[in-house]
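The values are calculated or read from the model by the stated rules, or taken from the named source; none is laboratory data. Quick caveat: nothing in here was measured; it's all calculated off a predicted structure. In this analysis, Cβ positions are derived from the backbone assuming ideal geometry, glycine residues included, and neighbour counts consider all displayed protein chains. Protein only, heavy atoms only, side chains kept; ligands, DNA and RNA dropped before computing areas. Shrake-Rupley method; radii C 1.70, N 1.55, O 1.52, S 1.80 Å.
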Amino acid sequence: MEEKQTDNKKEIVVKIEHLCKNYKMFSRKKDRLIETLIPSLNRHQVFKALDDFSLEIKKGEVLGILGKNGAGKSTLLKMITGVVTQSSGTMEIKGKISSLLELGAAFNMDLTGMENIYQHGQVMGLTKEEIEKRKPEIIQFADIGDHIYQPVKTYSSGMFARLAFACAINVDPDILIVDEVLSVGDMAFQLKCFKKFEQLKKKDKTIIFVTHSINDVLNNCTRTIIMNDGKKIFDGGVKDGVENYKKLITGMLKQQELNPEKSNKTEEKTDAILGVNDESIEWKKYFTINPDVIKYGNGEAEIIDFGIFNTKGEPTCIIDSQEEIIVKLKAKFNADIECPIFSMTIKDFYGKEICGTNTNFLNYYTGKCKKGERYVCEFKQKFQLAPGKYTLSLSSTRYDYNGEIVVLNRNYDLMIFEVMSSKKFVGYYNLDTEAYVTKIDN
């Protein structure tokens with residue numbers, strides 16, 4: 001019996017060498033016209049969407065591509081699919097590609113869903129017999145009922161995404177390219193899509209996957225690359241890739257962590273470990289601040305800095321639900337306050353309060369804080385939340401002589417963070433349950 005190929009011996013299906021994609025950038029419209037008429041007059045600047053990019057992808061790999069907006073991820077996928085041509089470099093592709101870059105790009109909005117199934121199949125090079133064979137599966141996967149016989153222009157965005165995805169994924173591709181399209185459908189449809197991914201993986205198909213969902217990368221990919229400014233800055237395992245991406249987002253990624261062989265042996269001093277009393281370091285610069293934050297209070301105190309940190313003291317805005325983290329806030333007092341209360345609240349992106357606490361609930365006596373003094377409050381815990389994006393609210397309050405709450409400084413939806421989880425569960429919060437099943441002898 002023939003042994004299964006090892007990863008090292010598997011066929012390379014995508015080989016990219018020194019790929020570059022340059023775009024001309026003109027500051028004025030007339031500069032473009034002048035250069036068109038007189039090519040010898042250089043009136044443009046060059047934007048490098050891809051810069052000396054090299055990559056090999058083997059058959060059966062599920063490659064997750066991570067990077068901030070503008071890193072060049074979508075440009076790379078468009079070049080692999082042939083939508084965009086390179087400025088220089090070479091690229092070799094083996095096998096049939098089906099892409100989910102722009103859902104329904106080959107659709108005619110005036111035709112019915114059924115008619116578009118045939119049109120899409122023809123664009124993908126399928127014969128009429130092959131289309132007929134796959135049609136029942138496409139209809140079942142899309143699951144849009146009798147709307148399949150109505151013009152596509154009458155569809156909702158969710159129905160359109162279902163049909164387009166069903167068409168793209170059911171043409172038996174050798175290489176499937178997915179770019180941030182699963183966010184369109186509902187949870188049930190997304191689950192169906194990922195089950196289809198699992199089927200393709202078992203068939204040793206190659207999947208190239210771009211997403212901002214760290215959890216999707218952890219659960220579905222076998223390898224990760226990170227792109228930044230059109231370059232590949234990391235290529236390796238999924239967990240290491242996610243850790244480096246977390247550091248990239250907060251600006252803490254150091255060159256020696258990506259290329260240890262190129263870094264000097266002396267340890268570079270960094271402000272990654274943020275001291276509580278170090279006034280020279282601003283924490284909030286490492287995080288995504290909500291521009292629409294709601295602030296109010298009587299001004300007797302103000303929250304001047306804040307952040308989320310791991311146990312090493314490094315800022316992090318992408319949190320593993322199984323790891324302990326610390327929420328810090330720094331407050332300055334503009335009046336003498338007896339036993340101020342510090343609080344934190346977490347909301348989902350729909351504005352629903354998920355959980356929260358404060359120093360009063362925790363029976364922590366903060367003492368008397370005098371005018372001009374500064375204090376740091378730390379909340380240490382695990383955020384065992386469902387994967388997704390959340391907002392963090394921070395505030396400082398006190399009780400008056402009548403036992404009523406007085407708001408000193410409240411900041412609703414102050415910063416944005418993301419939770420990832422390797423454990424599956426239902427609802428908002430992971431109960432961290434252990435289950436045991438024991439057979440009872442008759």
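General remarks:
- Any chance Tyr390 is open to solvent by less than 50 Å² (accessible area, probe 1.4 Å), closer than 25 Å to Ile416 by Cα, assigned to a strand (DSSP E or B) and not β-branched (Val, Ile, Thr): yes
- Among residues of segment 398-430, those that are open to solvent by 100 Å² or more (accessible area, probe 1.4 Å), within 30 Å of Leu218 (Cβ to Cβ) and assigned to a strand (DSSP E or B), counted: 1
- When residues of segment 196-233 are limited to those that are open to solvent by 30 Å² or more (accessible area, probe 1.4 Å) and hydrophobic (A, V, I, L, M, F, W, C), the one nearest to the chain's Cα centre (by Cα): Leu218
- Residues considered: Val13, Val46. Of these, the only one that is more than 27 Å from the chain's Cα centre (by Cα), part of a strand (DSSP E or B), closer than 25 Å to Ile233 by Cβ and not polar (S, T, N, Q) is Val46.
- Residues in segment 113-128 that are free of Cβ contacts under 8 Å to residues at least 40 places away in the same chain and assigned to a helix (DSSP H, G or I) were compared, and the one that is farthest from Ala161 (Cα to Cα) is Lys128.
- Residue count for segment 159-193 satisfying the condition of being modelled with pLDDT of 80 or more, farther than 24 Å from Ile65 by Cβ and open to solvent by 10 Å² or more (accessible area, probe 1.4 Å): 3.
Residue-by-condition table, conditions (1) closer than 27 Å to Pro291 by Cα; (2) in contact with a strand residue (DSSP E or B) (Cβ under 7 Å, 6 or more places away or on another chain); (3) hydrophobic (A, V, I, L, M, F, W, C); (4) open to solvent by 100 Å² or more (accessible area, probe 1.4 Å):
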position	(1), (2), (3), (4)
Ser395	yes, yes, no, no
Asp432	no, no, no, no
Tyr436	no, no, no, yes
Lys439	no, no, no, yes
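- Residue within segment 314-324 that is out of contact with any helix residue (DSSP H, G or I) (no Cβ under 6 Å at 6 or more places or on another chain), at pLDDT 95 or above and among the hydrophobic types (A, V, I, L, M, F, W, C) present: no
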